[in-house]
Amino acid sequence: MKDYIKHDEWNIIEEGFDPALNCISESLFSIGNGRMGQRANFEERYSGDSLRGSYVAGVYYPDKTRVGWWKNGYPEYFAKVLNSANWIGIDIEIDGEVLDLASCKVKDFRRILNMKEGYLLREFTAVTASGKEVKVRAQRFCSIVDDQTGVIRFTVMPVNFSGEIRVTPYVDFDVVNKDSNYGEKFWDEVARSVTDEGGWVVARTVKLDFHVATGMKYVIRKDNNQINLPVLRIEKNKYIGNLVSVPVSAGEELAIEKYAAVISSENHPKDTLKSICETELTRIAGKGFDTMLKEQKAAWELKWEESDIRIKGDVSAQQGIRFNIFQLNQTYTGEDERLNIGPKGFTGEKYGGSTYWDTEAYCLPFYLSTADQNVARNLLLYRYKHLQKAIENAEKLGFTDGAALYPMVTMNGEECHNEWEITFEEIHRNGAIAYAIFDYVRYTGDHQYVIDHGLEVLIAIARFWSQRVNYSEAKQKYVILGVTGPNEYENNVNNNWYTNIIASWCMEYAIDMVRYVREHDEGRFIQLAQKVKFREAEEISRWQNIIDTMYYPTDEEKGTFLQQEGYLDKEQILVGDLPPEHLPLNQKWSWDKILRSCFIKQADVLQGLYFLEDRFDEDTIRRNYEFYEPRTVHESSLSPCVHSIQAALLGKKEKSYELYLRTARLDLDDYNNDTEDGCHITSMAGTWMSVVKGFGGMRIKDGQLHFNPFIPDQWESYSFKIRFRAWLLKIIVAQDKVEIENRSETPVIIYLSGKPLELHPLKTALVPGH
Ligand code: BGC
């Protein structure tokens with residue numbers, strides 16, 4: 001755990017330069033706009049420790065799988081998010097000495113991520129080996145208005161000398177990935193062009209032939225006046241740059257504005273990339289840095305208007321939650337249904353930038369409540385479009401008749417993860433895909449989605465479960481053998497309660513939706529049934545039979561569900577009994593010891609009780625929570641939020657708050673010692689849920705919005721906004737009252753602690769004494 005980020009409500013601030021923290025800061029101060037993302041690498045050369053990261057959404061590399069012992073069914077490749085062209089680069093030479101913070105003396109270093117306005121700022125004073133001192137200020141952002149562009153204003157001012165500063169803005173496609181199975185380079189040059197005003201490089205990825213054109217234009221000013229000096233054009237394979245030598249006097253400010261465009265074949269035909277790149281560059285350079293910044297601020301203001309959470313009386317909690325919301329909005333904007341949310345977003349290479357069940361299980365509720373309905377719908381469409389691949393995935397494992405197994409890790413619908421206990425066994429992810437459809441429809445009321453797309457997915461998933469179970473003669477029940485539940489600290493277990501219940505639930509929901517579609521749009525139903533060769537009576541009867549006869553491991557005496565068969569045979573010790581130096585287990589214990597222990601990585605039985613809360617009474621949830629939480633080490637970043645929500649439901653306020661804190665500042669405080677690899681973007685959505693579903697107690701029941709709020713003792717008040725169907729509501733929870741503002745022009749009835757409350761248009765209802 002670290003504590004070097006200054007606490008501030010709207011900014012992430014680092015003061016002083018510590019090279020040992022640089023990779024962590026590069027993750028934390030990342031910027032992005034849904035189409036492209038950039039780690040907080042320096043513009044100028046840096047020879048110290050750094051993970052270079054410039055990412056283009058949707059562009060990846062299928063890196064040939066590397067495993068010791070090949071097993072039939074393993075995917076051919078593991079997808080890698082690609083480090084793409086360095087568009088931020090500006091080399092600076094001061095009278096022949098390279099500006100490099102690894103070799104200069106650094107003073108007054110400050111890095112600020114301005115979350116309100118959406119930009120990154122860095123300021124410092126550097127002293128070169130010969131004693132020349134310069135003041136530098138670098139400000140940049142990925143525009144969310146012009147989302148194929150980024151822009152930088154980089155200023156250098158000599159403090160104690162007059163001399164020559166050479167600046168070289170450049171574009172460099174000769175980049176590598178840290179995560180590469182065979183140490184290959186993934187980009188080949190297609191074309192390049194350089195003029196005195198800038199240039200571009202077009203490169204293609206090896207194997208999949210994604211093309212990206214990255215170009216730049218720049219303007220140099222001295223004390224605010226544009227200057228035109230001779231330019232040296234530099235070009236080499238995959239690289240273009242412009243070297244300009246500028247004479248400057250002490251106290252004079254030299255400013256380089258660099259405009260960059262990143263144009264991908266994901267969005268345009270390959271033969272148009274160069275010309276679009278040039279047009280975009282001319283357009284944004286015409287707008288200028290200040291106008292773009294103004295537009296950026298306005299666009300972020302709108303985002304915050306809909307998604308901000310305000311916490312009064314606790315700056316560190318405020319900063320934590322805003323950081324999470326900021327990063328989520330930078331990662332996914334929902335405009336393109338081919339894109340998704342990697343566990344690290346645009347902040348690092350880990351997890352390959354691929355899509356996990358995290359999206360459906362953790363991220364969907366955030367986008368449902370804070371953005372237009374189409375944003376969440378696009379997340380569902382992403383999986384709908386991958387249905388054929390999910391069917392092929394299942395076929396590779398021997399399933400038939402249109403059964404679909406969605407991948408655990410994917411870029412294009414194919415499985416690309418190759419640890420058998422995850423790839424083949426963590427099949428519960430299929431449940432999250434179906435659950436997301438249910439969650440979306442419950443929230444939005446958009447039943448048409450089920451008719452148009454959802455049912456097809458649900459049938460394919462139900463078919464999978466109906467083939468994956470087998471009937472145990474001994475138990476006279478259906479069982480599911482050889483799985484890994486959400487708790488990855490157990491592998492190859494039989495009858496994981498969560499997997500069994502989510503499998504059953506999927507078949508139930510599929511049956512309900514078959515009936516719904518048949519009733520509401522018979523024509524469509526018949527067409528779909530033909531398309532997927534649905535043998536309605538036979539298949540439904542099999543599903544129903546499995547639902548009615550599924551085996552659920554239970555401990556009758558304790559009144560708890562068993563995580564899996566035999567769980568109680570393990571030595572039962574609690575996390576609190578472990579010497580602190582044994583934690584985190586995944587770093588301190590052998591895998592063998594972990595697998596044989598009772599310790600739980602993340603919510604498993606409790607994940608089921610969280611998803612299917614309406615089916616269980618509070619006492620059942622309590623008994624299970626009280627049994628499992630003390631055995632949970634929360635070593636997945638996805639874990640604390642579910643427990644925080646459940647603790648809130650059970651009135652365990654202190655515990656709920658403690659778990660919330662663990663998720664809210666996970667990256668800012670580098671809680672798990674791994675932020676240098678990137679931020680935990682998908683768990684950030686879980687943090688949002690801890691506030692809105694946990695403290696706010698938000699639920700949807702029978703199409704109605706319910707709140708059951710409490711406020712942590714440490715806070716004066718907190719407020720959040722949600723979009724719910726036609727309404728935008730603001731909920732303010734203080735120690736002595738709750739206020740709910742209806743910001744829409746139509747009235748709505750909501751439920752506060754179980755009681756109906758009518759909210760008049762554009763009015764606030766105040767309920768004292770909460
Ligand atoms: C968790 C998974 C999760 C993955 C990506 C793992 O540590 O156990 O549930 O999908 O990380 O976030």
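The values are calculated or read from the model by the stated rules, or taken from the named source; none is laboratory data. Computed from a predicted model, the values in this text were never measured in an experiment. Every residue, glycine as well, gets a Cβ built from its backbone with ideal geometry; the counts of neighbours run over all protein chains shown.
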A careful count of residues in the range 680-701 that are part of a loop (DSSP other than H, G, I, E, B) and either within 16 Å of the ligand (Cβ to nearest atom) or modelled with pLDDT under 95 (or both) gives 1
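One line per residue, one yes/no per condition, for (1) surrounded by 17 or more Cβ atoms within 10 Å (Cβ to Cβ); (2) away from the ligand (no atom under 16 Å from the Cβ); (3) within 27 Å of the chain's Cα centre (by Cα):
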{"residue": "488", "(1), (2), (3)": "yes, no, yes"}
{"residue": "491", "(1), (2), (3)": "yes, no, yes"}
{"residue": "504", "(1), (2), (3)": "yes, yes, no"}
{"residue": "523", "(1), (2), (3)": "no, yes, no"}
{"residue": "531", "(1), (2), (3)": "no, yes, no"}
Looking only at the range 623-632, and only at residues there that are without any contact (Cβ under 8 Å) to a residue 40 or more places away in the chain and buried (at least 18 other Cβ atoms within 10 Å of the Cβ), the one that is nearest to the ligand (Cβ to nearest atom) | 629
Would you point out which residue out of 400, 355 is within 13 Å of the ligand (Cβ to nearest atom), of a type in the set (Val, Ile, Thr) and at pLDDT 95 or above?
-> 355
Report, ordered by the first and then the second residue, all pairs with beta carbons closer than 8 Å, sequence separation of six or more or different chains, a first member in the range 354-367 that is closer than 9 Å to residue 682 by Cα and part of a helix (DSSP H, G or I), and a second member that is more than 10 Å from the ligand (Cβ to nearest atom) and of a type in the set (Asp, Glu).
-> none
Looking at 130, 193, 162, which is the one that is touching a Ser or Thr at 6+ places or on another chain (Cβ under 6 Å), over 30 Å from residue 77 (Cα atoms) and among the polar types (S, T, N, Q)?
-> 162
If you scan the range 529-588, which residues turn out to be farther than 30 Å from residue 636 by Cβ and of a type in the set (Gly, Ala, Ser)?
-> 529, 537, 541
Could you count how many residues in the range 453-486 are small (Gly, Ala, Ser), surrounded by fewer than 24 Cβ atoms within 10 Å (Cβ to Cβ), touching a residue at least 24 places away in the same chain (Cβ under 8 Å) and part of a loop (DSSP other than H, G, I, E, B)?
-> 1
Which ranges mark the strands (runs of 3 or more DSSP E) fully within the range 174-276 that have 1 or more residues being loosely packed, with under 15 Cβ neighbours inside 10 Å?
-> 187-195, 231-236, 239-248
Any chance the range 163-172 includes a residue that's modelled with pLDDT of 95 or more, part of a loop (DSSP other than H, G, I, E, B) and not aliphatic (A, V, I, L, M)?
-> no
Residue match in the range 436-452 (condition: within 19 Å of residue 510 (Cβ to Cβ), at pLDDT 95 or above, small (Gly, Ala, Ser) and in a helix (DSSP H, G or I)) = yes
Residue list for the range 633-659, filter: over 15 Å from residue 714 (Cβ atoms) and either among the aromatic types (Phe, Trp, Tyr) or within 16 Å of the ligand (Cβ to nearest atom) (or both) | 633, 634, 635, 636, 637, 638, 639, 640, 641, 642, 643
Give 348, 413, 342, 334 a once-over and let me know the one that is farther than 26 Å from residue 487 by Cα, in contact with a helix residue (DSSP H, G or I) (Cβ under 9 Å, 6 or more places away or on another chain) and part of a loop (DSSP other than H, G, I, E, B).
-> 334
Within the range 633-650, tally of residues that are surrounded by fewer than 21 Cβ atoms within 10 Å (Cβ to Cβ) and without any contact (Cβ under 8 Å) to a residue 40 or more places away in the chain | 1
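Here's the yes/no breakdown for (1) within 14 Å of the ligand (Cβ to nearest atom); (2) out of contact with any Phe, Trp or Tyr (no Cβ under 8 Å at 6 or more places or on another chain); (3) not hydroxyl-bearing (Ser, Thr, Tyr):
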site	(1), (2), (3)
418	no, no, yes
421	yes, yes, yes
433	yes, no, yes
439	no, yes, yes
460	no, yes, yes
464	no, no, yes
471	no, no, no
478	no, no, no
485	yes, no, yes
What do you reckon, is residue 426 at negative phi, out of contact with any helix residue (DSSP H, G or I) (no Cβ under 7 Å at 6 or more places or on another chain), at pLDDT 95 or above and within 15 Å of the ligand (Cβ to nearest atom)?
-> yes
How many of the residues in the range 562-617 are among the aliphatic types (A, V, I, L, M), within 24 Å of residue 495 (Cα to Cα) and either within 16 Å of the ligand (Cβ to nearest atom) or touching a helix residue (DSSP H, G or I) at 6+ places or on another chain (Cβ under 7 Å) (or both)?
-> 10
Taking residue 68 as the residue in question, decide whether it is without any contact (Cβ under 8 Å) to a residue 60 or more places away in the chain and surrounded by fewer than 24 Cβ atoms within 10 Å (Cβ to Cβ).
-> yes
Checking residue 672 against (1) out of contact with any helix residue (DSSP H, G or I) (no Cβ under 8 Å at 6 or more places or on another chain); (2) within 16 Å of the ligand (Cβ to nearest atom); (3) part of a helix (DSSP H, G or I), which single condition isn't satisfied?
-> (3)
Considering each of 285, 299 in turn, give the residue that is assigned to a helix (DSSP H, G or I), in contact (Cβ under 8 Å) with a residue 60 or more places away in the chain and touching a Ser or Thr at 6+ places or on another chain (Cβ under 9 Å).
-> 299
For the range 564-603, name all the residues that are surrounded by 15 or more Cβ atoms within 10 Å (Cβ to Cβ) and among the polar types (S, T, N, Q).
-> 564, 586, 597, 602
Enumerate the pairs (first residue in the range 44-62 and on the phi < 0 side of the Ramachandran plot; second residue anywhere and surrounded by fewer than 17 Cβ atoms within 10 Å (Cβ to Cβ) and basic (Lys, Arg)) with beta-carbon separation below 8 Å, excluding pairs fewer than 6 apart on the same chain, so at least 6 apart or on different chains.
-> 51/178; 61/207; 62/207
The one condition in (1) under 17 Å from residue 410 (Cβ atoms); (2) not in a loop (DSSP other than H, G, I, E, B) that residue 316 fails to fulfil | (1)
State which residue is nearest to the ligand (Cβ to nearest atom) when the search covers only the range 330-350 and only residues that are touching an Asp or Glu at 6+ places or on another chain (Cβ under 9 Å) and hydroxyl-bearing (Ser, Thr, Tyr).
-> 347
Scan the range 45-64 for residues that are closer than 12 Å to residue 86 by Cβ and either at pLDDT below 95 or surrounded by fewer than 24 Cβ atoms within 10 Å (Cβ to Cβ) (or both) and report the count.
-> 4
Among (1) assigned to a helix (DSSP H, G or I); (2) touching a residue at least 24 places away in the same chain (Cβ under 8 Å), residue 427 falls short only on (1)
Which ones in the range 122-134 are under 18 Å from residue 88 (Cβ atoms) and crowded, with 19+ Cβ neighbours inside 10 Å?
-> 122, 124, 126
